[in-house]
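Since the structure comes first, as C-alpha coordinates, the remarks are kept for the end.
The values are calculated or read from the model by the stated rules, or taken from the named source; none is laboratory data. Note that the structure is predicted; figures quoted are calculated from it, not measured. Cβ atoms come from the backbone with ideal geometry, glycine included; neighbour counts cover every protein chain shown.
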Amino acid sequence: MHCVRGYGHLLQLFTALAATPDSCPPKVMLHSYGGSVEEIPRFCRLKGLGDRFYFSFSHAINARTPEKLAARIAAVPDDRLLIESDQVTPLVIDGGLREICRVVAGVKGWGMAETAQRMLDNFKAFYAGQLSGHDV
(Lines give C-alpha, C1' and ligand atoms only; values in the text may rest on other atoms or scores of the structure.)
Protein backbone atom coordinates (compact mmCIF):
# COMPACT_ATOMS: atom_id res chain seq x y z
CA MET A 1 0.00 0.00 0.00
CA HIS A 2 1.41 3.37 -0.99
CA CYS A 3 0.95 6.01 1.69
CA VAL A 4 2.70 9.38 1.91
CA ARG A 5 2.42 11.44 5.11
CA GLY A 6 -0.86 9.77 5.99
CA TYR A 7 0.03 6.84 8.24
CA GLY A 8 -1.99 8.21 11.15
CA HIS A 9 -5.08 8.36 8.93
CA LEU A 10 -4.34 4.89 7.57
CA LEU A 11 -4.05 3.55 11.10
CA GLN A 12 -7.41 5.15 11.97
CA LEU A 13 -8.97 3.57 8.88
CA PHE A 14 -7.73 0.08 9.74
CA THR A 15 -8.70 0.57 13.38
CA ALA A 16 -12.26 1.21 12.20
CA LEU A 17 -12.11 -1.76 9.80
CA ALA A 18 -10.84 -4.09 12.55
CA ALA A 19 -14.47 -4.69 13.54
CA THR A 20 -14.94 -6.47 10.20
CA PRO A 21 -11.58 -8.12 9.48
CA ASP A 22 -13.02 -10.22 6.64
CA SER A 23 -13.52 -7.00 4.67
CA CYS A 24 -9.78 -6.27 4.77
CA PRO A 25 -7.00 -7.59 2.55
CA PRO A 26 -5.34 -10.80 3.75
CA LYS A 27 -1.96 -9.00 3.87
CA VAL A 28 -0.93 -5.35 3.70
CA MET A 29 2.56 -4.23 2.70
CA LEU A 30 3.35 -0.66 3.66
CA HIS A 31 5.57 0.27 0.70
CA SER A 32 8.80 2.17 1.47
CA TYR A 33 7.41 2.79 4.95
CA GLY A 34 7.87 6.39 6.02
CA GLY A 35 5.62 6.58 9.07
CA SER A 36 6.76 7.06 12.63
CA VAL A 37 8.52 4.43 14.70
CA GLU A 38 5.68 4.67 17.22
CA GLU A 39 3.06 3.72 14.62
CA ILE A 40 4.76 0.40 13.78
CA PRO A 41 3.68 -1.45 16.95
CA ARG A 42 0.25 0.18 16.70
CA PHE A 43 -0.26 -1.38 13.26
CA CYS A 44 1.07 -4.72 14.53
CA ARG A 45 -1.29 -4.76 17.52
CA LEU A 46 -4.52 -3.98 15.66
CA LYS A 47 -7.08 -6.50 16.88
CA GLY A 48 -7.77 -9.11 14.21
CA LEU A 49 -5.55 -7.35 11.66
CA GLY A 50 -2.14 -6.77 13.22
CA ASP A 51 -0.53 -9.91 11.84
CA ARG A 52 -1.43 -8.83 8.30
CA PHE A 53 0.90 -5.82 8.22
CA TYR A 54 4.36 -5.98 6.66
CA PHE A 55 6.75 -3.05 6.42
CA SER A 56 8.89 -2.67 3.33
CA PHE A 57 11.95 -0.47 2.94
CA SER A 58 14.01 0.64 -0.04
CA HIS A 59 17.41 2.26 -0.22
CA ALA A 60 16.19 4.60 -2.97
CA ILE A 61 13.48 6.18 -0.82
CA ASN A 62 14.15 5.42 2.84
CA ALA A 63 17.94 5.93 2.94
CA ARG A 64 17.50 9.69 2.53
CA THR A 65 17.19 9.82 6.32
CA PRO A 66 19.54 7.07 7.59
CA GLU A 67 18.83 7.57 11.30
CA LYS A 68 15.07 7.35 10.80
CA LEU A 69 15.51 4.33 8.53
CA ALA A 70 17.56 2.49 11.16
CA ALA A 71 15.02 3.29 13.89
CA ARG A 72 12.11 2.12 11.73
CA ILE A 73 13.84 -1.13 10.77
CA ALA A 74 14.72 -1.81 14.41
CA ALA A 75 11.06 -1.35 15.39
CA VAL A 76 9.65 -3.82 12.85
CA PRO A 77 9.19 -7.42 14.03
CA ASP A 78 11.72 -9.62 12.25
CA ASP A 79 9.01 -11.66 10.51
CA ARG A 80 7.19 -8.59 9.11
CA LEU A 81 10.14 -6.93 7.42
CA LEU A 82 10.42 -6.75 3.63
CA ILE A 83 12.86 -5.04 1.30
CA GLU A 84 12.40 -3.60 -2.16
CA SER A 85 14.45 -1.73 -4.73
CA ASP A 86 11.77 0.86 -5.59
CA GLN A 87 13.47 1.10 -8.97
CA VAL A 88 12.08 0.65 -12.46
CA THR A 89 15.39 0.37 -14.30
CA PRO A 90 16.56 -3.25 -14.35
CA LEU A 91 20.23 -2.23 -14.23
CA VAL A 92 19.90 -0.72 -10.74
CA ILE A 93 17.42 -3.12 -9.10
CA ASP A 94 20.02 -5.59 -7.83
CA GLY A 95 22.21 -2.83 -6.43
CA GLY A 96 19.26 -1.24 -4.66
CA LEU A 97 18.31 -4.55 -3.07
CA ARG A 98 21.91 -5.17 -1.99
CA GLU A 99 22.11 -1.73 -0.37
CA ILE A 100 18.89 -2.05 1.65
CA CYS A 101 19.83 -5.63 2.57
CA ARG A 102 23.15 -4.27 3.90
CA VAL A 103 21.30 -1.64 5.96
CA VAL A 104 18.88 -4.20 7.41
CA ALA A 105 21.76 -6.56 8.23
CA GLY A 106 23.56 -3.79 10.10
CA VAL A 107 20.51 -2.69 12.08
CA LYS A 108 19.36 -6.20 12.99
CA GLY A 109 22.86 -7.56 13.63
CA TRP A 110 22.57 -10.27 10.99
CA GLY A 111 24.99 -11.29 8.26
CA MET A 112 24.09 -10.63 4.63
CA ALA A 113 23.25 -14.28 3.91
CA GLU A 114 20.98 -14.50 6.96
CA THR A 115 19.30 -11.21 6.04
CA ALA A 116 18.69 -12.36 2.47
CA GLN A 117 17.23 -15.65 3.71
CA ARG A 118 14.97 -13.91 6.23
CA MET A 119 13.74 -11.50 3.54
CA LEU A 120 13.01 -14.44 1.24
CA ASP A 121 11.13 -16.23 4.03
CA ASN A 122 9.12 -13.08 4.77
CA PHE A 123 8.39 -12.62 1.06
CA LYS A 124 7.08 -16.19 0.90
CA ALA A 125 4.94 -15.64 4.00
CA PHE A 126 3.55 -12.42 2.57
CA TYR A 127 2.64 -13.93 -0.79
CA ALA A 128 1.58 -17.38 0.49
CA GLY A 129 -1.60 -18.40 -1.31
CA GLN A 130 -1.65 -15.21 -3.38
CA LEU A 131 0.24 -16.32 -6.48
CA SER A 132 -1.73 -19.30 -7.71
CA GLY A 133 0.18 -21.46 -10.12
CA HIS A 134 3.54 -20.00 -9.09
CA ASP A 135 6.09 -21.34 -6.69
CA VAL A 136 7.00 -18.84 -4.05
Of the listed residues (Arg42, Arg72, Arg5), the one being among the charged types (D, E, K, R) and in a loop (DSSP other than H, G, I, E, B) is Arg5
As an exercise: evaluate Leu13 against (1) touching a helix residue (DSSP H, G or I) at 6+ places or on another chain (Cβ under 9 Å); (2) aliphatic (A, V, I, L, M); (3) in a helix (DSSP H, G or I) and give the number of the one condition it does not meet. (1)
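Which one of these is out of contact with any helix residue (DSSP H, G or I) (no Cβ under 7 Å at 6 or more places or on another chain) and under 18 Å from Leu120 (Cβ atoms): Ile83, Ile93, Ile73? Steps first, answer last, please.
Details: Ile83 fails: out of contact with any helix residue (DSSP H, G or I) (no Cβ under 7 Å at 6 or more places or on another chain); Ile73 fails: out of contact with any helix residue (DSSP H, G or I) (no Cβ under 7 Å at 6 or more places or on another chain).
On inspection, the qualifying residue turns out to be Ile93.
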Qualifying position, being of a type in the set (A, V, I, L, M, F, W, C), in contact (Cβ under 8 Å) with a residue 60 or more places away in the chain and either surrounded by 13 or more Cβ atoms within 10 Å (Cβ to Cβ) or out of contact with any Lys or Arg (no Cβ under 9 Å at 6 or more places or on another chain) (or both), among Met119, Met29: Met29
Would you point out the residue of the range 88-136, among those that are in a loop (DSSP other than H, G, I, E, B) and either modelled with pLDDT of 95 or more or among the hydrophobic types (A, V, I, L, M, F, W, C) (or both), that is nearest to Val28 (Cα to Cα)? Ala128
Given the structure, is Ala18 touching a Leu at 6+ places or on another chain (Cβ under 7 Å) and either of a type in the set (Asp, Glu) or under 25 Å from Gly129 (Cβ atoms) (or both)? yes
Of the conditions (1) assigned to a helix (DSSP H, G or I); (2) modelled with pLDDT of 95 or more, Asp51 fails just one. Which one is it? (2)
